[in-house]
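The structure appears below as structure tokens.
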Amino acid sequence: MYLWKAWHDCRARVILYILATLSIGVLFGLQVESWANLHAYLTVFRGVHRNQWFYFDDFYITFTALHHALGYYGIWMHTFYEPRWDALGYGPLAMLLAGLSLGASGVGKEYGAQTMNFVLSRPSHRRNFVLVDWVVGLTAVVIIPSALAFPLLPFLFSVHAKGPGNVLGGLPVLWVLGAAIYGLSYFTTLVTGSAAKGLTLSAAALLMYGFLPTALHEWWHADLLLRAVEWTLRGLEDDAWPLSPFAWGAAVFWLAVAAGFLGASLAWIRFREV
Amino acid sequence: MNDLAVHTAGLAKFFGKTRAVDGLDMKVPRGSVYGFLGRNGAGKTTTVKTLLGLLRPSAGSAQVLGYDIRQNLVAILERTGFVTENKTLFDSLTPAQLVHFNQGYFPKWSGELVARYAELFEIPMQTQFSKLSLGNKTKVCHLLALCQGADLLILDEPSIGLDPVITDLLLRVLVEDHVSEGKTVLLSSHQLTEVERIADWVGIIEKGKILLETRLEDIRQNYRLIRAAADTAPVISSPDLVSVQSSENFRSYLVTREAEDFATMLRAKGMTILEILPVSLEEVFLGLTRKEVPCISGKPGTIAVPA
């Protein structure tokens, strides 16, 4: 029924993301195996911030310049730079893209497609449509970064015992972050009744989340919001668990955000008229 | 069991200051074909959507198949087949996939009927919905509603895009396969000839209120159009008078019954009766709902509806 429909609507994207993450995981794993300067990589896992070779990397220099220009390190380095040296950096990017696009494929898009009359005249409680969407969406959000991480494990274990732990430790944070982004996109699509509008609003909200604290910091030297945002992204840092304590606070924060969007979506569809 | 498939009392739906449905009292007998007629914007689709829980009523009450629309919506939807006005389904699915999606919701779903109607209506079951013609899209919408084993079919503008042959088939299917089984059909339509062909009850809605609700047979047997002439227009007041249309010295009176008695009253007021004619559903509909219209003479006619 609707579960079949929800899966039918997003399966192409889910499979694409899974294949992409699997490929990156495998390719990166192979790269680790053949890496000439393994020591440089191992220092990362040991908690040393960067090895010297790193600073001669033109790509890093470019993004360091960007980092200085923006005055903010956080998620930008993870999403844009780190895919170059650390496949795990693809995780937040995959979560961002998958969460946004899968959220926009929920039941909210049926308003724009003028099929909401048909959907809501099926004999089922309205909440079920939302819950089924979320089951499918969250399953995908869990599978996608896992598909990236698990192929890496044997390679990483072969070069350092702490490697797998470092990778696995980042997974729960990615899951809850993905769930929150999915929730944002799902809710905005439901409210606006359009996948395109939902995606645009969600992307705008995420950009604000990244830029506003930086702007406040750079222009008015107001650091409170920047510190808060950095706190929410703690689980994605280089020295995340097991090199440092697991970022429970950040994980619970994103979980609460996701739950908030789920609750708001359930309330909205209950009262929304067609 | 309640002998009404749909019963509304003072049902209202407001959108801000717009009173789309305004105190609607409607009774659709079980086992009937009920033609729900009205001009564009009269409140037909809003009424139907309210009955199915797609809109929340602003006031009043409504029962569908004996269930309150506020309390037992899922039970209503399980027993009601609905074809929407816009005939839009999931673009990426084929009719066969739409059947697969839909059948799980309805315990009385009939696979045999799917095969039969798909062949009868010549539906391309493996073509993506977005690639179907409007007529085929309409057929698919009907297929889904007809096969779910519903006790009530609510069809909003059912013949949009259908050719005359398929329209004829559809009307026959409705009567022979569904009404004959004791099921109820509510046709919300502008196509008066279709309604007149199969309906046994009609309800005419205007500005969110029912103007007329009666058996079609009653219209055929009792409603009459009385054409009369007079130099001056006398003031006529009668509960049987539905509408009056004027053109220069001529008057057309639409009355619900006792046409001869009404004509006698007109004669007593100095009018000359030209003819007394049986009326079609279309004439009743126009008599009730049209506003000023140009006559052949080019001068506007007028309409007066008794309070």
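What follows draws every value from the coordinates through simple rules; no lab data is involved. Every value quoted in this text rests on a predicted model; they were computed, and no experiment measured them. When we count neighbours, we look across all protein chains shown, and the Cβ atoms used for this are built from the backbone with ideal geometry, even at glycine.
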> About its Cα centre, what dipole magnitude does the stretch B:49-183 give when the only charges are +1 on Lys and Arg Cβ and -1 on Asp and Glu Cβ, stated in debye to the nearest 20?
Replying inline: 380 debye
> Taking neighbour counts of Cβ atoms within 10 Å as a proxy for exposure, in what order, fewest first, do A:Tyr111, A:Tyr186 appear?
Replying inline: A:Tyr111, A:Tyr186
> If you take the square roots of the eigenvalues of the alpha-carbon gyration tensor of the stretch B:101-233 and sort them as a ≥ b ≥ c, do you get rounded (a/c under 1.5), prolate (a/b over b/c) or oblate?
Replying inline: prolate
> Using a ≥ b ≥ c from the Cα gyration tensor of chain B (square roots of the eigenvalues), is it rounded, prolate or oblate, where a/c under 1.5 gives rounded and otherwise the larger of a/b and b/c decides, a/b for prolate?
Replying inline: prolate
>> Taking 0.36 nm per residue of sequence separation and subtracting the Cα-Cα distance, how much length would be gained by fully extending the chain between A:Leu207 and A:Val252, in nm to one decimal?
In response: 14.0 nm
> Antiparallel DSSP bridges in the stretch B:4-217: what percent, to the nearest 5?
Replying inline: 55 percent
> Counting only residues 5 or more places away or on other chains, whose amide H sits under 5 Å from the amide H of B:Phe36 once H atoms are built in the peptide plane?
Replying inline: B:Leu187, B:Ser188, B:Ser189, B:Gly203
>> Once you place label points 7 Å from the Cα toward the Cβ at B:Arg257 and B:Ser58, how far apart are they in nm?
In response: 3.5 nm
